[in-house]
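Beneath this line is the structure, given in structure tokens, with notes to follow.
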Amino acid sequence: MITYWCNARCAFCYVYSAPDRGGAMSAADAVQMWRGLDELAASAGKTMRIHLAGGEPFGDWVQLLSIVRAARDAGLTRLEKVETNAFWATSDGLTRARLEQLNALGIDLLLISADVFHQEFVPMERVVRCVEIARAVLGPSRVRVRWWDFYNQPVDVRKSDDDAKRRAYAVALARHRERLTGRASDRLAEFYERFPAEHFRDANCVREVLHGRHVHIDPYGNVFPGVCSGIIIGNALRTPIPQLWKELAERWREHPIIGRVVSGGSFELYQAAAALGFAPRPEGYSGKCQLCQDVRQFLLEHGGWEQWVGPPDAYANEKDKQEADRWKRRVDLTVEGAPR
């Protein structure tokens with residue numbers, strides 16, 4: 001995750017990316033951490049698969065290009081994928097020039113976001129331009145879209161009111177369930193059945209945290225397990241990644257977040273936070289991940305948990321809270337096809 005900055009403020013975003021978020025991974029830091037990942041994989045006889053994402057990695061084109069070039073020049077594992085919402089694809093010439101540069105540097109795959117959430121902020125014609133030119137430059141097999149069904153039948157919600165957005169969200173979520181972490185925990189939970197915190201008492205996170213084969217590393221070097229962004233395993237700029245992984249394997253039970261969610265899930269983390277004054281949402285939670293996100297937001301604001309919960313970029317700020325509050329005050333609608 002080379003930045004938390006994004007031109008969009010999507011309702012589903014799992015790290016609260018937005019125009020008011022920051023972070024910029026340097027090429028030198030990227031190479032250092034990329035090399036550490038390669039060394040870790042090699043020690044197990046494997047090959048690492050590297051993706052560059054954000055936020056929106058094309059927000060600073062020079063930065064993105066410098067990272068890809070530096071990794072290639074350092075002889076690191078070939079870059080498998082770059083993700084983008086295509087907001088930058090404002091002309092055919094610019095789009096083709098950038099994709100040709102990435103192709104020359106060795107990118108395997110381009111993933112382009114297309115869904116009702118992104119299209120609140122990105123004109124669909126830019127997505128179409130990026131997809132069509134990418135298929136010409138890279139070849140059809142090296143271009144993927146999230147989600148093809150929306151791309152083929154897009155819905156324009158850029159000027160819609162909240163009620164119209166709710167209808168569009170409901171239809172989309174009936175097709176594709178989103179993970180309710182980050183901003184999605186505030187904006188999308190109402191579309192699913194919710195339960196009290198006690199409902200998740202036996203839902204541990206062994207598979208997601210200890211058995212996952214996917215990690216995120218943010219622009220500050222924070223390493224997150226799987227899709228659990230905001231739970232800090234350690235910092236890859238301060239601790240070499242092979243050493244960080246060895247310490248995690250040997251001492252994960254001592255980690256005050258990971259130890260709890262592995263043994264007892266977000267409910268056990270909730271119990272620890274309740275002793276500090278955390279109060280669960282009266283409407284309940286749609287899943288264990290939403291409960292975990294809510295508890296970690298409290299711990300971040302409570303203070304003293306910064307080593308394990310953070311950074312602030314990955315959590316709600318005041319603007320997010322105001323938007324969530326405004327959204328909740330709207331009258332709920334019953335929408336045919338909603339996954340309630």
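Rounded to the nearest 5, what % of DSSP beta bridges with both residues in the chain are antiparallel?
DSSP beta bridges in the chain are roughly 35 percent antiparallel.
Applying the Karplus parametrisation 6.51 cos²θ - 1.76 cosθ + 1.60 with θ = phi - 60° to the phi angles of the range 85-90, what ³J(HN,Hα) value in whole Hz is obtained for each residue in order, glycine and proline being reported as x?
Using θ = phi - 60°, the values come out as 9, 6, 4, 7, 7, 8 Hz.
Could you work out the percent of alpha carbon pairs in the range 8-69 separated by over 20 Å, rounded to a whole number?
40
Which order do 309, 155, 62 fall in if you start with the one that has the fewest other Cβ atoms within 10 Å?
Exposure proxy ranking, most exposed first: 62, 155, 309.
Using the C-alpha atoms of the range 249-319, what convex hull volume per residue, in cubic angstrom, is computed?
Measuring per residue, one finds 108 Å³ for the Cα hull of the range 249-319.
In this model, which of 159/321; 165/288; 159/319; 246/319 are farther than 32 Å apart at the alpha-carbon?
Table pairs above 32 Å Cα-Cα are 246/319.
Counting alpha carbon pairs within less than 8 Å and at least 6 residues apart, what relative contact order, in whole percent, applies to the range 1-178?
Reported relative contact order: 19 percent.
Starting from the alpha-carbon convex hull of the range 195-274, give the projected area averaged over all orientations, in nm².
Convex hull of Cα atoms, orientation-averaged projection: 5.6 nm².
For the range 1-178, just say rounded, prolate or oblate: build the C-alpha gyration tensor, square-root its eigenvalues into a ≥ b ≥ c, call rounded for a/c under 1.5, and beyond that prolate if a/b exceeds b/c, oblate if not.
prolate
Any chance you could get the radius of gyration and Dmax over the Cα atoms of the range 82-123, in Å?
Calculated on Cα positions, Rg and Dmax stand at 11.3, 32 Å.
Along the range 294-310, what does the Karplus equation 6.51 cos²θ - 1.76 cosθ + 1.60 (θ = phi - 60°) give for ³J(HN,Hα), rounded to whole Hz, x for Gly and Pro?
5, 5, 5, 4, 4, 5, 4, 6, 5, x, x, 10, 4, 5, 10, 10, x
Expressed as a whole number of Å, what is the distance separating the alpha-carbon centroids of the range 74-117 and the range 278-307?
35
Over all distinct alpha-carbon pairs, what is the Kirkwood Rh of the chain in angstrom?
With all distinct Cα pairs of the chain included, I get 21.0 Å.
Counting other beta carbons within 10 Å of each Cβ, put 87, 195 in order, fewest first.
Starting with the residue having the fewest Cβ neighbours, the order is 195, 87.
Provide 202, 320 in ascending order of the number of other Cβ atoms located within 10 Å of each residue's Cβ, fewest first.
202, 320
Each reported figure results from applying straightforward, stated rules to the coordinates on display, with no laboratory input. All values reported here derive from a predicted model rather than from experimental measurement. Every residue, glycine among them, receives a Cβ derived from its backbone with ideal geometry; neighbour counts consider all protein chains shown.
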